[in-house]
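Asks: The structure follows.
The values are calculated or read from the model by the stated rules, or taken from the named source; none is laboratory data. Bear in mind that the values here come from a model prediction, so they are computed numbers and not experimental data. Cβ placement follows ideal geometry from the backbone for every residue including glycine, while neighbour counts extend to all protein chains displayed.
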Amino acid sequence: MIKFIVDENPLVNGSYQMHNATLGCVDMPKLDNQILIGYFADFELAHKRARMNWPKEKIEACKKCCVF
């Protein structure tokens, strides 16, 4: 299973970026700014969970660590 997190600070465009915390990423937020989404088999399932938690927010994949 892969651990996914979301940066609690939005990007300039207003969306929130999701990261694969199992792989790690140079763009991952500091630990204090990470919101755990959970452990999932792939990004698509993690993204669905994040959308359930925050239906009004735009959540996008980090292009460096969440390839789908």
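Asks: Search the stretch 17-30 for residues that are within 20 Å of residue 57 (Cβ to Cβ) and pair each with any residue that is among the polar types (S, T, N, Q) when their beta-carbon atoms are under 7 Å apart and the residues are at least 6 apart or on different chains.
Replies: Every condition considered, the pairs that remain are 29/9.
Asks: Assigned to a loop (DSSP other than H, G, I, E, B) and in contact with a helix residue (DSSP H, G or I) (Cβ under 8 Å, 6 or more places away or on another chain), is that true of residue 66?
Replies: In short, yes.
Asks: Still on this structure, I have one more. Exactly one of these conditions fails for residue 67: (1) modelled with pLDDT under 95; (2) of a type in the set (Val, Ile, Thr); (3) closer than 14 Å to residue 7 by Cα. Give me its number.
Replies: (3)
Asks: Do you know which of the residues in the stretch 49-68 that are of a type outside the set (A, V, I, L, M) and exposed (fewer than 12 other Cβ atoms within 10 Å of the Cβ) is nearest to residue 21 (Cα to Cα)?
Replies: Restricting to residues being of a type outside the set (A, V, I, L, M) and exposed (fewer than 12 other Cβ atoms within 10 Å of the Cβ), the top hit is 63.
Asks: Taking residue 9, is it touching a helix residue (DSSP H, G or I) at 6+ places or on another chain (Cβ under 8 Å) and either part of a loop (DSSP other than H, G, I, E, B) or buried (at least 17 other Cβ atoms within 10 Å of the Cβ) (or both)?
Replies: Yes.
Asks: Quick one: which of 13, 33 is among the polar types (S, T, N, Q) and in contact with a strand residue (DSSP E or B) (Cβ under 8 Å, 6 or more places away or on another chain)?
Replies: Exactly one residue qualifies, and that residue is 33.
Asks: Follow-up. Of the residues 63, 56, 48, only one is more than 12 Å from the chain's Cα centre (by Cα) and basic (Lys, Arg); which?
Replies: None of the other options fit; the residue is 56.
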